[in-house]
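Notes to accompany the following structure.
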Amino acid sequence: DTIIFASVRPSTKEVGMLSIPRDLSVPIEGYGWQKINHVNAYGEGEASGHGPELAAQTIGEVFDQPIHYWVKIDFKGFEEFIDAIGGVDVDVERAFTDPAYPIDDGEGNIVTLEFEKGLAHMDGETALRFVRSRHGNNNEGSDFARAARQQKLILAVKRKLLSPTTLLNPARIARLIDTLNDNIRTNMTTWEMIRFANLGNIFDSDEINNLVLTTAPGGPLYETTVNGAYVILPRNSDWTPLQDIAERIFTADDEIVQLPDAAPRDIRIEIQNGTDLSGLATETADTLTLQGYEIVRVGNAPP
């Protein structure tokens, strides 16, 4: 349930990472409007294991960007990857407690997690819990805070991968290769992966522009419910601000992410429900009202 759009420009040594909210509702070819974290499952189930390809296609269309490469990793692979490089050192920005972290025991049980502020060495299991936690206190309970932690851990992995303890350790590299083969899927060829890895030593963490799309006031996204489900949508149904952020991923900052509220003025709308979904007109009216439109009448229409 984590999607990050990243861009690399070797000529200027620039890297940008944009975390995409899992509840962002997008048009998926053949499935209509769905949460973006559904797209991989649709591709895996209906297109004979083409989840990453459908995800790349959908994200590319929504953000108007070419997606050249994709990498997919599962929870088990994530843990083994972190353990294969000997764990990572992560600076925990805020202490937090999550009283409802789900454990994969097949019975739906939960445990309480606690993270203290400061530098922490994390093995694979701890790192996975750090980036998956969704119910923490101290402003760490949102998906947006979770996305920020994920980007922080990616930088920690980068530092560890390029450290002498990894590069000069043949056994560790062999274990890492086994983990990659067993748990990670990508459309990169072997030579492309080698070329990409060789770029790592020219990128400093200070040159990586980290962005997290949020629903903060004045931003390009807002929260609502559609058919009883929580979703995130672009304000005014306008994808242009999001595409602008993706286009300027190397330089985008709060001035771009926190766009001024541009609610439409003097637009009056009547909504008629011609479907068999009861209450759809009212839900649509609520959604448009949140965006600033004036809804003057809600009713039904012939099918």
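The values are calculated or read from the model by the stated rules, or taken from the named source; none is laboratory data. No experiment lies behind these values; they were computed from the predicted model shown. FYI the Cβ positions are ideal-geometry reconstructions off the backbone, even for glycines, and counts take in every protein chain you see. Just the protein is used for accessible areas: all its heavy atoms, side chains included, with ligands, DNA and RNA removed. Shrake-Rupley method; radii C 1.70, N 1.55, O 1.52, S 1.80 Å.
Observations, loosely collected:
- Among the residues of the stretch 56-72, the ones that are in a helix (DSSP H, G or I) and closer than 15 Å to L18 by Cα come to 5 in all.
- For the stretch 110-144, the candidate set comprises residues that are surrounded by 13 or more Cβ atoms within 10 Å (Cβ to Cβ) and of a type in the set (K, R); within that set, the residue that is modelled with the lowest pLDDT is R134.
- Lone qualifier among D253, D261, D238 - being open to solvent by 30 Å² or more (accessible area, probe 1.4 Å), more than 19 Å from the chain's Cα centre (by Cα) and either modelled with pLDDT under 80 or not charged (D, E, K, R) (or both): D261
- Where S25 falls short, out of the listed (1) touching a Leu at 6+ places or on another chain (Cβ under 7 Å); (2) free of Cβ contacts under 8 Å to residues at least 60 places away in the same chain; (3) more than 22 Å from M193 (Cα to Cα): (2)
Residue-wise test of (1) surrounded by 12 or more Cβ atoms within 10 Å (Cβ to Cβ); (2) assigned to a loop (DSSP other than H, G, I, E, B); (3) aromatic (F, W, Y).
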site	(1), (2), (3)
A6	yes, no, no
T12	no, yes, no
G16	yes, no, no
S19	yes, no, no
R22	yes, yes, no
S25	yes, no, no
G30	no, yes, no
Q34	yes, no, no
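- Residue among K76, K35 that alone is within 17 Å of the chain's Cα centre (by Cα) and not aromatic (F, W, Y): K35
- Unique match (being part of a loop (DSSP other than H, G, I, E, B) and either of a type outside the set (S, T, Y) or open to solvent by 60 Å² or more (accessible area, probe 1.4 Å) (or both)) among G106, G43: G106
- Test: residue in the stretch 222-229 that is of a type in the set (A, V, I, L, M), over 26 Å from V15 (Cα atoms), modelled with pLDDT under 90 and surrounded by 15 or more Cβ atoms within 10 Å (Cβ to Cβ): yes
- Inclusion of I73 among residues that are aliphatic (A, V, I, L, M), more than 26 Å from N236 (Cβ to Cβ) and in contact with a Ser or Thr (Cβ under 7 Å, 6 or more places away or on another chain) is not warranted.
- Residue-level analysis places I271 among those that are at pLDDT 80 or above, in a strand (DSSP E or B) and more than 24 Å from the chain's Cα centre (by Cα).
- D143, sole failed condition from (1) farther than 15 Å from E79 by Cα; (2) in contact with a helix residue (DSSP H, G or I) (Cβ under 8 Å, 6 or more places away or on another chain): (2)
- For G60: the one exception among (1) under 25 Å from V231 (Cα atoms); (2) in contact (Cβ under 8 Å) with a residue 24 or more places away in the chain; (3) of a type outside the set (D, E): (2)
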